[in-house]
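Here is the structure we will look at.
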Amino acid sequence: MFRTCAAAAVAIVTAFSANAFEVGVVAFQMSSETHARVANAVEAAAKEKGWDVTVLNSNGTLPSHAEQIENLIQRGVDGIILAMSKPVEFDAQFAEAKEAGIPLITVMSGASPNALFDVQVNEYSVGAQAALYLLGEIGYEGNILTERFESNAGTRIRGKVLDVVLSENPAVTVVGSHSMARTQSWRDDVRAGMQALMLQNSGDYKGIWASFDGQAFVIDDLLSAEGMQKGDVALVSVDGGEEAFRRIADPASMLQATVSIPFEAMGAAAVDAMEKIAVEGQPKEAITAGPYLYQDAVLVDASNVDQFLGQ
């Protein structure tokens, strides 16, 4: 009897393994901490469910991203999750996945009619929090520098919200702005662009706005190299994460605040939603009615950073 039960258990496990749900995960650029955080969270959550997981890195190139999505479709994976993808540029691949009956969920990418939805924060709210915090730190007057990134929907929205806030606060002036190019050497691009602006406007700016934390880290190091101390210049950005929190708590760092986006929770939410829809057969509308599944972002500064350190 025992042998019969044991054999049956082995057969069940074997059958489950043979039919394990397979999810393909593509991060647009894993050298960016946020892309990696999402992809790693998706991988961990999927493996906890016993799924087979393939994680790919497009290294920031459009052709590689398109090819990797197409390869996953041709392999016949059961689901696809994309981190920081670009639905406009890859509409053909998204449509191909939909035609093949492969559910596709994106994270921090923007909406697409050919994806189930995008797991996202409200970038308009995020942008407002960062902009208003920066203006508050400089007393709503004075000159600022900005480091932008127009090739990502989220960072572009943050910049547009900043512009709206500035339009209502004419005592604050942008005296220099650099827009980061979409390149694998983006850190070098930010360093060169912001260093030039800092030299051109030496002593003539009170704050710096960065569209995401990776840019702020480069700027922070430049300010520190000039011998500045925390509070000399207000530096504010968006994303969150251990490095950002460490810098906010560090008296030698210029970074004063970030709007923390829950990238790990977003990756896990994408996996949970994929399970409900693709495995359990629940309708997409049971998860979210619109094209976005929103998660909450929190502003972190010296007043609450201790709550986030070491998480």
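Values computed for the structure shown
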| quantity | calculated |
| --- | --- |
| Virtual spin-label span in nm between Ser179 and Lys160, 7 Å along Cα→Cβ | 1.3 |
| Cβ charges +1 (Lys, Arg) and -1 (Asp, Glu), total dipole of the chain, debye | 400 |
| Prolate/oblate/rounded call for segment 145-187, Cα gyration tensor, a/c under 1.5 rounded | oblate |
| Inter-probe distance in nm under a simple model that places probes 7 Å from Cα toward Cβ, at Asp221 and Glu168 | 3.7 |
| Peptides ranked, highest mean first, by Cβ atoms within 10 Å: ranges 199-212, 89-102 | 199-212, 89-102 |
| Filter on Lys160/Lys276; Lys98/Lys160; Lys86/Lys160; Lys47/Lys98; Lys86/Lys206; Lys47/Lys276 - keep pairs with C-alpha separation over 26 Å | Lys160/Lys276; Lys98/Lys160; Lys86/Lys206 |
| Virtual spin-label span in nm between Asp272 and Asp52, 7 Å along Cα→Cβ | 2.7 |
| Potential extension, Ala44-Glu22 segment - 0.36 nm per residue separation minus Cα distance | 6.6 nm |
| Mean separation of Cα contacts under 8 Å, 6 or more apart, over the residue count of the chain: relative contact order % | 18 |
| Which of Val88, Val298 is most accessible, then next, and so on - probe 1.4 Å | Val88, Val298 |
| Full-extension gain in nm, Asp296 to Arg246, via 0.36 nm per residue minus C-alpha separation | 15.9 nm |
| Top positive-direction residue, dipole computed over the chain with Cβ charges, set Gln184, Thr258, Ala244 | Gln184 |
| Förster-model FRET efficiency, 35 Å R0, Glu67 and Tyr124, C-beta, rounded to 0.05 | 0.60 |
| Chymotrypsin sites (Phe, Trp or Tyr not before Pro) restricted to DSSP loop in segment 115-194 with at most 15 other C-beta within 10 Å | Tyr140 |
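The values are calculated or read from the model by the stated rules, or taken from the named source; none is laboratory data. Just so it is clear, the structure is predicted and the values come from calculations on it, not from any experiment. Note: ideal-geometry Cβ built from the backbone for every residue, glycine included; neighbour counts use all protein chains shown. Ligands, DNA and RNA are excluded from the accessible area calculation, which covers all protein heavy atoms including side chains. Shrake-Rupley method; radii C 1.70, N 1.55, O 1.52, S 1.80 Å.
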